[in-house]
Structure formats: structure tokens, C-alpha cells
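Accompanying notes for the structure given below.
The values are calculated or read from the model by the stated rules, or taken from the named source; none is laboratory data. Everything numeric here is computed off the predicted structure, so don't read it as measured data. Ligands, DNA and RNA are excluded from the accessible area calculation, which covers all protein heavy atoms including side chains. Shrake-Rupley method; radii C 1.70, N 1.55, O 1.52, S 1.80 Å.
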Amino acid sequence: MNSIDVSVDFSFQGKHYTPEITIDLDVYIQQKEATSFHRLIANKHEIDCYSYLYEIMESSDVFFRNPQGLAIAYTQDDSFNMLSYVKQWKENKLVEQLLHIAKNEMDIADFSDNQALKNALFQAYELGSYSRTSS
């Protein structure tokens, strides 16, 4: 599972808050509309998104910790490189699909000894993607 703990640290009316949630990144990435981490934290901790408490929370920095799976490579010093993570995640999903084709058609279980085949399938995918967008 690819996940990460997300938190904010802020004070409001003399009270200190540190709400935190664990985000399943596989689910998060596949949502049609990405919800902000602040909104997800607010929903989980029953913070009204139209309140002053939420406004203060929303202006606070988000911290990331305890990455799991692929997220480990993209987390450093309480920050998370979401753009690079998403790019790699999508590439990994594509490779899984290409490997499925290679398995069905040629009984190839992995690309470790078949880098040329992986490259050819990837180029064919890109060609197909390009021809769909240029039409």
C-alpha cells in the first residue's frame, strides 16, 4: 500500500491543534477531483470547512511523515513531492499493464531480461496516445 500521514500544526483561540490523517495514495490519485489535504483533514476531524478554525488550519503548512510503499522515495524532511510521485505511480501502472500484455501474448513474467520488449511496448503505447490526441 502506498500511503502517507498528513498533518497540520496550528493554534486557534488559545488552543493548539495537530490533526492528522493517513492517506491511501492509490485511492487519492484515482479520484476524479483531488481534494486538498486540508479539506481531508477537516472532514476526518469534523472541522467545519466554513469556520474560522478551518481558515486558520488552511493557512497552516501541511507536514508529511510515515510514508509507505512508493511514497518513501518522494518524502523528505516533512515534505512530499506529489508531482513526481504521481508521475512515477502512473508509469508503474502502465508497466503493469504492458507486462500483462507480454504475459498473455508471450508468456513473459517480467521485463528484467526483456528490456527491449518493454521499451517497444512503451513506445507503441506512446504512439497510440499521440495519435489519439492529434486526431
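One table, with the values for the structure above:
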quantity: Average accessible surface area per residue within the chain, 1.4 Å rolling probe, Å²; calculated: 69
quantity: Percentage of interatomic Cα-Cα distances in the chain larger than 25 Å; calculated: 46
quantity: Protein-only accessible surface order, largest first, of Tyr50, Tyr125, Tyr74 at 1.4 Å; calculated: Tyr50, Tyr125, Tyr74
quantity: Solvent exposure ordering (accessible area, 1.4 Å, most first) of Thr22, Thr35; calculated: Thr22, Thr35
quantity: Apportionment of accessible area to carbon and sulfur, segment 1-83, percent (1.4 Å); calculated: 47
quantity: Which of Arg39, Arg132, Arg65 is most accessible, then next, and so on - probe 1.4 Å; calculated: Arg132, Arg65, Arg39
quantity: Normalised alpha carbon radius of gyration of segment 9-74 [divisor 2.2 N^0.38 Å]; calculated: 1.21
